[in-house]
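The values are calculated or read from the model by the stated rules, or taken from the named source; none is laboratory data. This one's a predicted model, so the numbers in the text were calculated from it and none came from an experiment. Using ideal geometry, Cβ is built from the backbone for each residue, glycine included, and neighbour counts are taken over all protein chains shown.
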Amino acid sequence: MEPMFLADVEQAEGGGQYAGLLRSMRASGGPVSQIFHLFAFRPGATDHLSRFTQEVMRGPSPLSPGMRELIAAFVSAENHCPY
C-alpha cells in the first residue's frame, strides 16, 4: 500500500486496541490499511468511530452483516479504495 501523507502517524507505535493489530499486520508483511494507523495513533479520538462502524456493520438491521460487508466492498471498489 502507498505510504500515507502523514509519516509521523504511519510510523508511530500508537496505543489502544488497534496498536496490537497494527503490529501484527506489520509483522506479517502484508498491506496495512491506512485507517488502522490513525486509530492506533489517536485512540481517544477514534474510539467513537470504531464503535459507530461496528454498530452499523454488525448491529440490528434487515441486511445481514455479510450483505453490509459486500456493499461496503463494492462502494470501496467503485471509489478505487482498498477495502
Cross-chain or 6+ apart pairs with Cβ under 9 Å, the stretch 36-53 first and within 23 Å of Ala7 (Cβ to Cβ), then of a type in the set (S, T, N, Q) and crowded, with 16+ Cβ neighbours inside 10 Å: Leu38/Thr46; Phe39/Thr46; Ala40/Thr46
Selected residue (criterion: modelled with the lowest pLDDT) from residues of the stretch 16-28 that are loosely packed, with under 15 Cβ neighbours inside 10 Å and over 23 Å from Ser76 (Cα atoms): Gln17
Test result for Pro31, touching a Gly at 6+ places or on another chain (Cβ under 7 Å) and surrounded by fewer than 17 Cβ atoms within 10 Å (Cβ to Cβ): no
Selected residue [exposed (fewer than 14 other Cβ atoms within 10 Å of the Cβ), outside any helix (DSSP H, G or I) and among the charged types (D, E, K, R)] from Glu55, Glu13: Glu13
Test: residue in the stretch 61-82 that is surrounded by 11 or more Cβ atoms within 10 Å (Cβ to Cβ), touching a residue at least 12 places away in the same chain (Cβ under 8 Å) and aromatic (Phe, Trp, Tyr): no
Subset of the stretch 24-44 [part of a loop (DSSP other than H, G, I, E, B) and under 16 Å from Asp8 (Cβ atoms)]: Val32, Arg42
